[in-house]
Amino acid sequence: MYAYDELDRTLINERVSEFRDQVKRRLSGELTEDEFKMLRLQNGVYLQLHAYMFRVAIPYGTLSSKQLRRLAHIARRYDRGYGHFTTRQNIQFNWIKLAELPDALAELAEVGIHAMQTSGNNMRNVTSDQWAGVAPGEVEDPRIWSEILRQHTTLHPEFSFLPRKFKIAITASEHDRAAIKIHDIGLRLHKNADGETGFEVLVGGGLGRTPFIAKTIKPFVAGRDILSYVEAILRVYNQYGRRDNIYKARIKILVHELGIEKFAREVDEEWRQMGHGALTLDHSVIEEVRSRFSYPAYEKLPHMPDELKQAAHDPLFERWRKNSVAPHKVQGYSIVTLSLKPVGGPPGDATADQMDAIADLADKYSFGEIRVGHEQNLALPHVAKRDLPQLWKALDRLGLATPNVNLVTDIIACPGLDYCSLANARSIPIAQELTRRFANHDTADMIGRLHINISGCINACGHHHVGHIGILGVEKNGEEFYQITIGGRADENAQMGALIGPAVPYAEVADVIEDIVEAYLALRDRPEELFVDTVKRLGVEPFKERVYATR
Amino acid sequence: MTSPLEQKKIRITGPSVVTANRTWDGAVVYRTAQHGWSTALSDAAIVSTSDDARALLAESAADDVGAVGAYIAPVELKGRVVEPGNLREHIRSKGLTIDLLPA
Amino acid sequence: MPLVKNGRIATDLFVHVADGAELPGDGAVLISSARFLEDPEAILKRAGKTGVIWPNSRAVDDLVPYLDRLAAVALVFPTFRDGRAYSQARLLRERHGYDGELRATGQVLRDQFVFMSRAGFDAFEVKKDADADAFAETMKRYSVFYQPTGDGRVTALNRRMQLRHSESAGQ
């Protein structure tokens, strides 16, 4: 965990006071909505269909139990008793009253949580691997760098009014769990031939109306230079990114229009002129930030404790363990994913009671720490293996042990037309229906890894382009229709899915998805071949034939 | 963003209301014939000509402190009962559809 | 439109001269970049001070040769959402060493003051009277700053390092 010091605390309190003043001026009529809109957006406040929606940052997906309890309190005291975890390590509350928001923010600030730059045309919450610091084989803990970037991008005086929003993600593992290739800047920590730690820098990824996979702009930027290099990218973007058309304003369009080589030359020239200035990170500065991350005092524990051997006789426990428990870098410990995708539930939602209970379990079993992943699930990052059976029982009682992590019912979905003023179609009910269709866990296991991503509009908050199966809601003559793509992925081999055929109406979506899955089961050359690999091998056609033959 | 008032070519094809979100709490509200806002669709002023719609919208948008983002929304009249005219307005008026789905 | 300079509401000593209008023989003038670039040397030879309004869509490089002879540069915020002039301001101050008046014009509102000041602006043509009146108070909103800019404010990181240093020296 990163521990805020007095300066961090002072800054977020000052931000709360500023926002309190802005809200006061809005409610008194001193500010018009047009003037206030950007101010509220800079602090995570949207106006949605039913009410204001409030998005709170969970930087690089790390939460303490104390912070999670406070989020539960916010849900209960200021909202309707639940929150929604998003695809960018944020939590959203759907029914917040503007007049009460400053108080909610002040309560969050007490535990070191803020909503700064969770929306608006600025640098958004810096995200990272939810297993950062605990995954085996990591180059180093990417959260050190995430925190350095979080601070640097917070209330940045030059880049708070960019052409459009700007998202940075960091990974330090070979397997990318942070979806860095669909970010404006993706950073991959690695060591160069001299053993020096630095970053491969990718730029210009993003989904939405014009999706692009990020391109490598520089294979290696030393850690000490990362702030200046990112600043150079932002300066080029701030000056030359398009401002005439909101749909062409993201950096991906600038990179595309200039071409990556020319864009890279512009950035290099700016970077050269910046020189080795105040942004160069001395070793001591990096160590200062590193020193404020605390790590658990792990015990020396056996690889296979008796408790685990005994519990292995229970097939339900074993099913869950195989599905939701991942190896930890320290022997005797595990990373446990908590599925927020119960059968029939809205993906990514957690009630205040669940949040409180998870906080208690984190205290008991995970050194008080919780992680939030972009797949809209939570994780307990430091669970002793001997505690797994007890933890499983507790999670099961709370509805948080659905053994479907990475399976067909582990669906990513945006809030869709049930909440969102931009949406054209509903997302959540589609997800709910699919979880019912595939409720049988044996079937889901047999299908294997399969990511379904659903967005209710082209803005792609549900990352439909990079779902193994992507579902995009559109509107046709006042009716909800859904375009379906297959073969997308968001990991180190990220790519966009391909359209499988004409859009289908709301009532037929689940049938079509079932047909696609059945086609896959018939087409895969062996049970281990994942859905996305079968699509890669065969292309869209055989799927299209089977699915649309009878339609 | 274009203010709704600048959209001179407002044309309605059936009975309509003006709806917005209340500024202080964000609640869905409808413009009433008494020049105020109500959370009940049944209280909404109903307009049936484009001129009336434009006038009601202009009056509503002028009350920026009271409510935000006023726009014209279609309704259906079923006898004396006013119903939302499309799915989006149905959701805004009646709430989430999620619980309404068959189990 | 009130002008805030050096933290206070001040009289604007510069006369805005429109492109077609005749330049007065002396006195401080503020003119467009187009007019200035037509014949910079002639304009700079005038008795009075020269200020140039520089658009946010043109690189400041073209202004650099004249910076040491300019008394004011006004950068433009066509809307408060358009942040290009923040980059221009930092480049003028931090890269090109410009130390004359750097003025923010256009949609200049209270909630941008801290950002503008940090980017190097020291004069503000403020849209609303109430915002101009609130300038000094608004500038006190923040005492902690994460990014190093050329404004001289000590960053959080520097304060931490100093603290570390004094702690280890005291041991």
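Some notes on this structure:
- Restricting attention to the stretch A:519-545, the residues being in contact with a helix residue (DSSP H, G or I) (Cβ under 8 Å, 6 or more places away or on another chain) and within 18 Å of residue A:482 (Cβ to Cβ) number 2.
- The single residue among C:104, C:85, C:89, C:47 that is at pLDDT 95 or above, out of contact with any Pro (no Cβ under 8 Å at 6 or more places or on another chain) and either over 26 Å from residue A:275 (Cβ atoms) or of a type in the set (Ser, Thr, Tyr) (or both) turns out to be C:104.
- Qualifying position, being on the phi > 0 side of the Ramachandran plot and crowded, with 21+ Cβ neighbours inside 10 Å, among A:344, A:348: A:348
- Strands (runs of 3 or more DSSP E) contained in the stretch C:55-157 and holding at least 1 residues small (Gly, Ala, Ser) and either open to solvent by 10 Å² or more (accessible area, probe 1.4 Å) or outside the structural domain of residue C:37 (by TED's automatic domain parsing) (or both): C:101-106
- Residue within the stretch A:24-40 that is more than 21 Å from residue C:81 (Cα to Cα), among the basic types (Lys, Arg) and assigned to a helix (DSSP H, G or I) present: yes
- Identity of the residue in the stretch A:3-17, in a loop (DSSP other than H, G, I, E, B) and more than 8 Å from every other protein chain (Cβ to nearest Cβ), that ends up farthest from residue C:139 (Cα to Cα): A:3
- Members of the stretch A:135-160 found to be more than 10 Å from chain C (Cβ to nearest Cβ) and farther than 23 Å from residue A:451 by Cβ, listed by number: A:139, A:140, A:141, A:143, A:144, A:145, A:146, A:147, A:149
- Annotation note: Cβ proximity below 9 Å between a residue of the stretch A:303-317 that is farther than 26 Å from residue A:329 by Cα and open to solvent by 100 Å² or more (accessible area, probe 1.4 Å) and a residue that is part of a loop (DSSP other than H, G, I, E, B) and modelled with pLDDT under 95 (sequence gap 6+ or interchain) occurs for no pair.
- Test: residue A:47 is open to solvent by 10 Å² or more (accessible area, probe 1.4 Å) and in contact with a strand residue (DSSP E or B) (Cβ under 6 Å, 6 or more places away or on another chain): yes
- Assessment of the stretch A:441-463 against the conditions (on the phi > 0 side of the Ramachandran plot and open to solvent by 10 Å² or more (accessible area, probe 1.4 Å)) yields at least one matching residue.
- Complete set of residues in the stretch A:161-197 that are within 14 Å of chain C (Cβ to nearest Cβ) and open to solvent by 10 Å² or more (accessible area, probe 1.4 Å): A:163, A:164, A:165
For every residue, the table says whether it meets (1) aromatic (Phe, Trp, Tyr); (2) at pLDDT below 95; (3) under 25 Å from the mean Cα position of the chain (by Cα); (4) surrounded by fewer than 20 Cβ atoms within 10 Å (Cβ to Cβ).
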{"residue": "A:214", "(1), (2), (3), (4)": "no, no, yes, no"}
{"residue": "A:219", "(1), (2), (3), (4)": "no, no, yes, yes"}
{"residue": "A:224", "(1), (2), (3), (4)": "no, no, no, yes"}
{"residue": "A:231", "(1), (2), (3), (4)": "no, no, yes, no"}
{"residue": "A:236", "(1), (2), (3), (4)": "no, no, no, no"}
{"residue": "A:246", "(1), (2), (3), (4)": "no, yes, yes, yes"}
{"residue": "A:254", "(1), (2), (3), (4)": "no, no, yes, no"}
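- Scanning the stretch A:70-91 for residues that are part of a helix (DSSP H, G or I) and touching a residue at least 40 places away in the same chain (Cβ under 8 Å) returns A:70, A:71, A:72, A:73, A:75, A:76.
- Checking each residue in the stretch A:328-353 for being over 17 Å from the mean Cα position of the chain (by Cα), over 14 Å from residue A:405 (Cβ atoms) and modelled with pLDDT of 95 or more picks out A:328, A:329, A:330, A:331, A:332, A:333, A:351, A:352, A:353.
- With respect to the stated conditions, residue A:209 fails to be within 17 Å of residue A:286 (Cβ to Cβ) and open to solvent by 40 Å² or more (accessible area, probe 1.4 Å).
- All positions within the stretch A:458-482 that are within 18 Å of residue A:500 (Cα to Cα) and outside any strand (DSSP E or B): A:458, A:460, A:463, A:464, A:465, A:466, A:467, A:468
- Residue within the stretch A:385-407 that is in a loop (DSSP other than H, G, I, E, B) and without any contact (Cβ under 8 Å) to a residue 40 or more places away in the chain present: no
- For residue A:484, the criteria (1) more than 28 Å from the chain's Cα centre (by Cα); (2) within 26 Å of residue A:445 (Cβ to Cβ) hold in every case but one, which is (1).
- Here residue A:538 meets each of (1) touching an Asp or Glu at 6+ places or on another chain (Cβ under 9 Å); (2) open to solvent by 10 Å² or more (accessible area, probe 1.4 Å); (3) hydrophobic (A, V, I, L, M, F, W, C) with one exception, condition (1).
- Qualifying residue in the stretch C:157-165 (condition: over 27 Å from residue A:31 (Cβ atoms) and either more than 10 Å from chain A (Cβ to nearest Cβ) or in contact with a Phe, Trp or Tyr (Cβ under 9 Å, 6 or more places away or on another chain) (or both)): yes
- Residue match in the stretch B:35-44 (condition: at pLDDT below 95, within 14 Å of another protein chain (Cβ to nearest Cβ) and outside any helix (DSSP H, G or I)): no
- The number of residues in the stretch A:486-512 that are touching a helix residue (DSSP H, G or I) at 6+ places or on another chain (Cβ under 7 Å) and under 17 Å from residue A:207 (Cβ atoms) comes to 8.
- Picking from residues in the stretch A:487-512 that are over 21 Å from the mean Cα position of the chain (by Cα) and in a loop (DSSP other than H, G, I, E, B), the one that is surrounded by the fewest Cβ atoms within 10 Å (Cβ to Cβ) is A:502.
- Apart from one condition, residue B:94 fits all of (1) modelled with pLDDT of 95 or more; (2) within 30 Å of residue A:430 (Cα to Cα); (3) charged (D, E, K, R); the exception is (1).
- Filtered residues of the stretch B:4-29 (kept if surrounded by 13 or more Cβ atoms within 10 Å (Cβ to Cβ), within 14 Å of another protein chain (Cβ to nearest Cβ) and outside any helix (DSSP H, G or I)): B:19, B:20, B:21, B:22, B:23, B:24, B:25, B:26, B:27, B:28, B:29
- Where helices (runs of 4 or more DSSP H) fall entirely within the stretch A:273-334, those with at least 2 residues that are within 14 Å of chain C (Cβ to nearest Cβ) are at A:283-291.
- Selected residue (criterion: nearest to residue C:131 (Cα to Cα)) from residues of the stretch A:18-50 that are at the interface with another protein chain (Cβ under 8 Å from one of its Cβ atoms) and aliphatic (A, V, I, L, M): A:39
- Options B:51, B:63: the member that is within 14 Å of chain A (Cβ to nearest Cβ) and out of contact with any helix residue (DSSP H, G or I) (no Cβ under 9 Å at 6 or more places or on another chain): B:63
The values are calculated or read from the model by the stated rules, or taken from the named source; none is laboratory data. Nothing here was measured: the structure is a model prediction, and the numbers come from that model. Please note: Cβ atoms are built from the backbone with ideal geometry, for glycine as well, and neighbour counts cover all protein chains shown. With ligands, DNA and RNA removed, areas are computed over all heavy atoms of the protein, side chains included. Shrake-Rupley method; radii C 1.70, N 1.55, O 1.52, S 1.80 Å.
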